[in-house]
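See structure below.
Quick note: the coordinates plus some simple rules give every number you see, no bench work behind them. No experiment lies behind these values; they were computed from the predicted model shown. For neighbour counting, all protein chains shown are included, and Cβ atoms are generated from backbone atoms with ideal geometry for every residue, glycine included.
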């Protein structure tokens, strides 16, 4: 038996996947009609939904919604799998809140849109007590491959946000690039195959970049910071000339400017990491 609280598109998709796999599912949502057609037991109250299952999956807007819904309810001995989106520190605070009430919280993030939940393309980051995640892996694996990333309850959320960092920034870059060529009369569909080729090629650079970051060494080459920064500056100029919003390329240019100011001009573009990463308490600066 599984309880799902929150029946937006993602919650509905999870319920359908659980039911397809043969699991009994109890659901609760403020708007009960969201459960129509899901072939699940609709709990009249949150308390009834919690009583139905040890495993409680939350698919809510944010962590505040969890407090609003569960704050006055007993969650003792429950495993709360919170797949809502929020910040890592809020996730840690929520795990502590659950623990103080006798429950165990697993944090996580679903890395596919609702229509792909339950398919072989779906995967979900989880973090928290590993034994608890593994205990319920057969159930959780129904909605997507279980990617356990560590005991810190915030890590699942952090991996989720990091992936979305790449995703959202990349999509924004595609919109900007398309607007740039469209300003010269080039239809988006004409530019599309070149953009696809570029996106497909990006992964080529990642393995070496990760190694250089871990080593804290950024040997310069043709793609050094000065050269890449000059290109970033040209993109800003092209945007301004074309009356296309230049905020995104300007943000990229500013990172190259900072890297040059910190003495990384002749280093590889990967040295941008040294101006992006935090060097606060517990995070020593890395060598070049």
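Of the listed peptides 14-26, 215-227, 194-206, what is their order by residue-averaged count of other C-beta atoms within 10 Å, with the highest listed first? Write down the numbers at each step before the final one.
On the way: 14-26: 18.5, 215-227: 15.6, 194-206: 10.5.
My ranking of the peptides, most packed first, is 14-26, 215-227, 194-206.
Name the most mobile residue of 186, 112, 133, meaning the one with the largest mean-square fluctuation, in a Gaussian network model of the chain with Cα contacts below 10 Å.
Comparing 186, 112, 133 in the GNM, the peak value goes to 186.
With r as the distance between the Cβ atoms of residue 254 and residue 199 and R0 = 25 Å, compute the FRET efficiency 1/(1 + (r/R0)^6) and round to 0.05. Present the calculation step by step, with values, prior to reporting the outcome.
Working: r = 24 Å, r/R0 = 0.94.
Using R0 = 25 Å, I get an efficiency of 0.60.
Please report, in whole Å³, the volume per residue of the convex hull around the C-alpha atoms of the range 5-85.
85 Å³
Based on the Cα coordinates of the range 2-150, what is the per residue volume of their convex hull in Å³?
On the way: hull volume 14.4 nm³, N = 149.
About 97 Å³ per residue, rounded to a whole number.
Could you work out, for the range 183-276, what percent of all Cα-Cα pairs fall into each 5 Å distance bin, beginning at 0 Å and stopping at the bin that holds the largest distance?
Histogramming the range 183-276 at 5 Å steps yields 3, 13, 17, 19, 21, 13, 9, 4, 1, 0 percent.
Calculate, axis by axis, the spread of Cα positions in the chain along the three principal axes, and write the results as whole Å, longest axis first.
That gives 62, 48, 31 Å along the principal axes, largest extent first.
Beyond 21 Å, how much of the Cα-Cα pair distribution for the range 107-207 remains, as a whole percent?
Details: 2567 of 5050 pairs.
The share of Cα pairs beyond 21 Å in the range 107-207 comes to 51 percent.
Express in whole angstrom the spacing between the alpha-carbon centres of the range 166-207 and the range 15-56.
Spelled out, the Cα-based centre of one part sits 41 Å from the other.
Using helices alone, I'd like the mean residue ellipticity at 222 nm for the chain: each DSSP H run of four-plus residues gives -39500 (n - 2.57), total over residue count, nearest 500. Don't skip to the answer; put the middle values down first.
On the way: 12 runs with 139 residues, N = 288.
Here the helix-only value at 222 nm equals -15000 deg cm²/dmol.
Nearest 10 degrees, 0 to 90: what angle lies between the long axis of helix 225-241 and the longest principal axis of the chain (Cα atoms)?
80 degrees
Relative to the longest principal Cα axis of the chain, at what angle does helix 206-215 sit, 0 to 90 degrees, rounded to 10?
Relative to the chain, helix 206-215 is tipped by roughly 90 degrees.
Taking the Kirkwood radius as the inverse of the mean 1/r across Cα pairs, report the Rg/Rh of the range 231-276.
Numbers: Rg = 11.5 Å, Rh = 11.0 Å.
Rg divided by Rh gives 1.05.
DSSP beta bridges in the chain, what fraction antiparallel, as a percent rounded to 5?
Values: 5 of 27 bridges.
Rounded to the nearest five, the antiparallel share is 20 percent.
Which order do peptides 147-154, 77-84 fall in by mean Cβ count within 10 Å, highest first?
Working: 147-154: 18.2, 77-84: 23.2.
In descending order of packing, they fall as 77-84, 147-154.
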